[in-house]
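Inspection log for the structure reproduced underneath, given as structure tokens.
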Amino acid sequence: DRLRLNAAASASTDDKEENGSSFQNRQTEAAYNDGVPPEEVSAVIREELKFFPIPQSLSNPDYEAYFDDSWMSKRTFGGERGHEGTDIMLDPDERGLFPVLSMTDGVVEKKGWLPQGGYRLGIRSSGGIYYYYAHLYDYAQDMEPGTTVVAGQLLGFAGDSGYSNIEG
């Protein structure tokens, strides 16, 4: 597998993978349950985003980070389903080489291992949006639930964790 960072934003309350419902459905349901139409949630996301999560390397201009339009692409780990995020592919594909930055200001809400997303961080913005960073290789020092982060702050390093029932 190529190295990837999965970045997704949602109005939902968490990033649990156990229930099998689609991310898109949870996102839409959460927006409507809170009385907020999805268009308004999208407007908040557009307003909050300040950084691309992978910075451009100034010392290695050949290093690349690019979107893979993988939204709702077929996945089979954990049962057949649609992919619930947008992958950012990295070249060269070396674990821990690419830093991952927070796209927004917020507070770390979730940290840890999930079978599909691997090592992940979930950051809740002041606008209530949950930003999910998956497939990490490692976390930045002192990155724990309750930690306040600012846009552009180092969260960790990109990897290819996940799609396994075995952590690591």
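The values are calculated or read from the model by the stated rules, or taken from the named source; none is laboratory data. This is a predicted model, so every value here is computed, not measured. So basically every Cβ, Gly included, is an ideal-geometry build from the backbone, and we count neighbours across all protein chains shown. These accessible areas exclude ligands, DNA and RNA; they are computed on the full protein's heavy atoms, side chains included. Shrake-Rupley method; radii C 1.70, N 1.55, O 1.52, S 1.80 Å.
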Note to self: What number do you get for the range 37-132 when its Cα radius of gyration is normalised by 2.2 N^0.38 Å, N = residues?
What the structure shows: 1.20
Item checked: In Hz, Karplus ³J(HN,Hα) per residue of the range 157-168 (6.51, -1.76, 1.60; θ = phi - 60°; x = Gly, Pro) -> 9, 5, x, 9, 5, x, 6, 7, 7, 9, 5, x
Note to self: Per-residue counts of other Cβ atoms within 10 Å, averaged by peptide: what ranking do you get for 52-65, 124-137, 152-165, highest first?
What the structure shows: 124-137, 152-165, 52-65
Note to self: Step by step: find N for the range 121-168, compute 2.2 N^0.38 Å, then divide the Cα radius of gyration by it. What's the final number?
What the structure shows: 1.24
Next item on the list: Sort THR86, THR104 by accessible area with a 1.4 Å probe, largest first.
Entry: THR86, THR104
Checklist line | Most to least packed among 40-51, 140-151 [average Cβ atoms within 10 Å] | finding: 40-51, 140-151
